[in-house]
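The values are calculated or read from the model by the stated rules, or taken from the named source; none is laboratory data. What you are looking at is a predicted structure, and each value in this text was computed from that prediction instead of being measured. Counting neighbours? That spans all protein chains shown, and the Cβs are built from the backbone with ideal geometry, glycine included.
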Amino acid sequence: MKAKKTSRRIPAVSRTAPVTDHLSAPQLQTFLSGCRMLSEPSVFPSILIGVTFLFFLPVLNNGFVDSDRRLLVENLGYRGLGWAQLQWMFTGFHFGQFHPVAWLSLGINHVF
């Protein structure tokens, strides 16, 4: 005797049907209220920005630190975008570091 094969069909779920088609009325109300809460402006980002600002506010009292005076105040090499300054920016290793893009940015700032 052969066993009879029974095939189970899994109902197809429409990928184009909106989520709300499969929800009951109370579930739909909960879903829609959650969507409204997401679209309204929230207080949390404002609080986070405010706390971060207050946390970093003491930094404004700092002056130059460590080697900033030698690198920025006493250094004339980066002030401008002439040939001599560009050559200095792209060939120098200052304090053992090579960072021509930073010097170029400071030169552009100085010009403006």
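Phe56 meets all of the listed conditions (1) in contact with a Lys or Arg (Cβ under 8 Å, 6 or more places away or on another chain); (2) surrounded by fewer than 10 Cβ atoms within 10 Å (Cβ to Cβ) but one, namely (1).
From the list Gly92, Gly96, Gly63, which one is modelled with pLDDT under 80 and surrounded by 11 or more Cβ atoms within 10 Å (Cβ to Cβ)? Going through Gly92, Gly96, Gly63 in turn, just one is modelled with pLDDT under 80 and surrounded by 11 or more Cβ atoms within 10 Å (Cβ to Cβ): Gly92.
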